[in-house]
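See structure below.
Each value in this text was obtained by applying a stated rule to the coordinates, not by laboratory testing. Fair warning: this is a prediction, and the values are worked out from it, not measured in the lab. Neighbour counts are summed over all protein chains in view; Cβ atoms, including those assigned to glycine, are modelled from backbone coordinates with ideal geometry.
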Amino acid sequence: MADFSLTTLFVVPVGQTAVPSSGSTQDLTAGTVGIFDQNYATVTAAAGANPASDAKYIYIAQGRANTYLQGSKRSDKIKGCPTAGASCNSNVTEWYKVSGCATAANQITDVTDFKVQCGEIVTLTLRAHSSYIDTLYFNGFTRSVTVNAPCCECGGDVCTDVDVNALINAIIVKLEQSAPGDNPDNVSFKSFFTFENVGGTKLRIQGKPLTKYGQPCDVAAFPFEYDRMYFDTFIYDGPATTADFIVADACNIVATSAVIQKASYASGGSEEFKQLEKNFYSYQAGYLKSLYRMGGYNENFESYVTAGTIYDSYYIRFNELDKSAYQWGDYIHQDSTVILAVPNAATSTIAALMEAILVPALGEVPGDNTCITTTTTAAA
């Protein structure tokens, strides 16, 4: 069964600095987002004239520029439970916050504990995956480099472990070589990775940020993709073989590879919410529900995303408040989701003002993510 939820997206404009405290949904100016009770009156924070905690249920609504044959954009009825564990006849099944994180972390892998003897052949294989990469390469972007471990000193014991510092440097030289020829399909490691010798005992491999898709002027195009790159690292005894491209693992491992920082997704970027406005547009428009390349057919489409803005987002998933309302079947309910995107709390006060109203109505909002503020790690 598909996990479908009828989703309504509200993007609070950057210029909105307050939550409406008077009027009704019909009084909302274009783009302005407000929160209303069962009588379509504005609700307020706990200390206000009409606290949200006193409402039988609430709506979230946004004014439209084009009101012909349609009023404001509005959610369905939302009834939360301010007190955890209490019996409130709530219809809310999920309620959480995703903080906007402008920076995506890149994967970092350390290769250590080399068990290589003088003169041995050593191969390092990298296999990278992302949605973008996997459209180009079967089983990910898989490439190998092979080096001969440095020879022992004259008269030395060939069974002695090799000079690890020299071995790492030799591997890095191979990894940083450009791909041969002019064929654009001959992609080098440098396109996706950086390499570092840490302390003469550790090879550090870090993924690079993925190239962003373009943003065409065509509103009907859907260029944004939520993507990240992650990779596997194998270092083993012997030369590379054609099996490297298809095997899930490698034998005769001669060093330990450990992921010390996982790749993460950036969240809350303007490109992401610009795309979500398109994804959920048909659920929110009264008519002309498709997007066309001819701009004249898209007069119902309104975007309130500001380029370069990072948004915090609140997710509310809920069932029909009226239990007798239409359902798909005895056991399958069609539920709804509201996504409220608000300029990040670090740059705007509107997130705190919205939260001060929603928390008394729905209960404390748990965070769903932790932002990583750098693309690298401080680990040595």
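Annotations for the structure displayed:
- Unsatisfied cross-links (Cα-Cα over 20 Å) in the set LYS174/LYS262; LYS97/LYS289; LYS212/LYS278: LYS174/LYS262; LYS97/LYS289
- Note on GLN70 and TYR287: the extension gain reaches 77.3 nm, defined as 0.36 nm multiplied by sequence separation minus the Cα-Cα distance.
- Burial ranking of peptide ranges 115-121, 285-291 (average Cβ count within 10 Å, highest at the top): 115-121, 285-291
- Descending semi-axes in Å of the chain, equivalent ellipsoid built from Cα gyration tensor: 54, 23, 19
- Taking every DSSP bridge with both residues inside the chain, close to 85 percent are antiparallel.
- With one equal scatterer per alpha carbon and no solvent term, the Debye-computed log10 I(q)/I(0) for segment 93-151 at 0.25 1/Å reads -1.07.
- Considering only ASN91, THR146, GLN261, the residue lying farthest towards the positive end of the dipole of the chain is ASN91, judged by Cα position with unit charges set on Cβ.
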